[in-house]
Amino acid sequence: MDEREKRRINSPWFCPVCGGEMKPLYAGIYECRECRRQEYDDFGKVRAYIEEHGKQPAVILAEETGVELSTIDMFLRTGRLEIPEGSDIYIGCERCGCDIRYGRYCNDCMKVLTGDIKKAVFNEVVGEKPKKPGKNNGDQKMRFLDLYRKKK
């Protein structure tokens, strides 16, 4: 998690009681190094609320925890939270708009997008097959050797 995301989810840096430094424990929970008091960041607040009250719509989560709706949406888009099956409301795929439970894209759009990425990315360990294999491949020279010889 980078510094911008830490600031966005309101990570506690210092203990509100003793002023000691807070260290992250797990899943949005932080503990003071001095007095051992535990505090929650935005994700920890949402997680604790869901564990105590069960599944809730994002609007209710935002109202009850004080976490902004845009932050809850970020948790859904990054896969840290997911909408339960059978819910009345889902988030939309950013490409086609169909309903999804978490993430940015549906499976179909992700297949299309990763196919495009695979075409665009060069992988040095994957070789290219010759377009016209011939018997006299010894007649062909490597291009970089020709360029090297011309420079001398």
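All of TYR30, TYR49 fail the test of being surrounded by 11 or more Cβ atoms within 10 Å (Cβ to Cβ) and touching a Lys or Arg at 6+ places or on another chain (Cβ under 7 Å), apart from TYR30.
Residue pairs whose Cβ atoms lie under 6 Å apart, sitting 6 or more positions apart in sequence or on different chains, and linking a residue in the stretch 67-81 that is without any contact (Cβ under 8 Å) to a residue 60 or more places away in the chain to a partner that is not polar (S, T, N, Q) and not in a helix (DSSP H, G or I), are PHE75/LEU81; LEU76/ILE91; LEU76/TYR102; ARG77/ARG104; GLY79/TYR102; GLY79/GLY103.
In the stretch 116-130 there is no residue matching the filter, namely being modelled with pLDDT of 60 or more, assigned to a helix (DSSP H, G or I), among the hydrophobic types (A, V, I, L, M, F, W, C) and surrounded by 10 or more Cβ atoms within 10 Å (Cβ to Cβ).
The criterion of at least 3 residues that are modelled with pLDDT of 90 or more and under 19 Å from the mean Cα position of the chain (by Cα) is met by none of the strands (runs of 3 or more DSSP E) falling completely within the stretch 1-106.
The values are calculated or read from the model by the stated rules, or taken from the named source; none is laboratory data. Small disclaimer: the values here were computed from a predicted structure and weren't measured. So basically every Cβ, Gly included, is an ideal-geometry build from the backbone, and we count neighbours across all protein chains shown.
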